[in-house]
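Below is one structure, written out as structure tokens; comments come after it.
The values are calculated or read from the model by the stated rules, or taken from the named source; none is laboratory data. These numbers were taken from a predicted model, which means no experiment stands behind them. With ideal geometry, Cβ positions are generated from the backbone for all residues, glycine too; neighbour counts draw on all protein chains shown. Surface areas here come from the heavy atoms of the whole protein model, side chains and all, with no ligands, DNA or RNA. Shrake-Rupley method; radii C 1.70, N 1.55, O 1.52, S 1.80 Å.
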Amino acid sequence: MSKLVDYLPDYYEKVVEMQKLLAGEQPVFDSVSEQTDRILLNEFVMAADVDGLSMFENQFGMVARPTATVESRRYDILVRMLPPRPITIQYFKELIASFAIPATVVVDSVKSRIDTLSEAHVITKEQVERLKYLLNVYTPSNLEQHIRTSYDTENHLPVYFGQAASICISSAVMAQTVNFS
């Protein structure tokens, strides 16, 4: 913060009244300066505080979840602000990477489906919700969408390998027709 005394002309340097007057105005000046800086920072999503994010959410007609963190709200707003651009698989992969969503995108054009693969212990619930939104908005509607997560597990139970045979005996009785005439 700048000091008002630093902007005082030289001929007021020895005047005690001006020194005291500026010392009394310094807290008000600091407060206004902080508010001005906050208003400026709230114009940018990445630097906005909770009030600034609320303004952006209001502009986009979004309802903030009560459990959402500030960073999650920030990323949700950024997703809505993305500029229009031709959607290619490469761009979609870059988009997912820019939002720090740990997922691999696989497209099967023959089956008309898009799969996203990620590890369950790495991806969070908020990232899955963001991924759902991106898939719904940025992929063609004719593609079937799948979000898949994998788990790594270990099994310490004994595993038995062997061979089994099944024998089935069936018998049939053939009835003959008898004529009682």
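Against the list (1) free of Cβ contacts under 8 Å to residues at least 40 places away in the same chain; (2) surrounded by fewer than 12 Cβ atoms within 10 Å (Cβ to Cβ), the condition MET62 fails is (2). Hey, among the residues in region 1-53 that are among the β-branched types (Val, Ile, Thr), under 40 Å from the mean Cα position of the chain (by Cα) and open to solvent by less than 90 Å² (accessible area, probe 1.4 Å), which one's nearest to SER98 (Cα to Cα)? If we take residues in region 1-53 being among the β-branched types (Val, Ile, Thr), under 40 Å from the mean Cα position of the chain (by Cα) and open to solvent by less than 90 Å² (accessible area, probe 1.4 Å), then VAL45 is nearest to SER98 (Cα to Cα).
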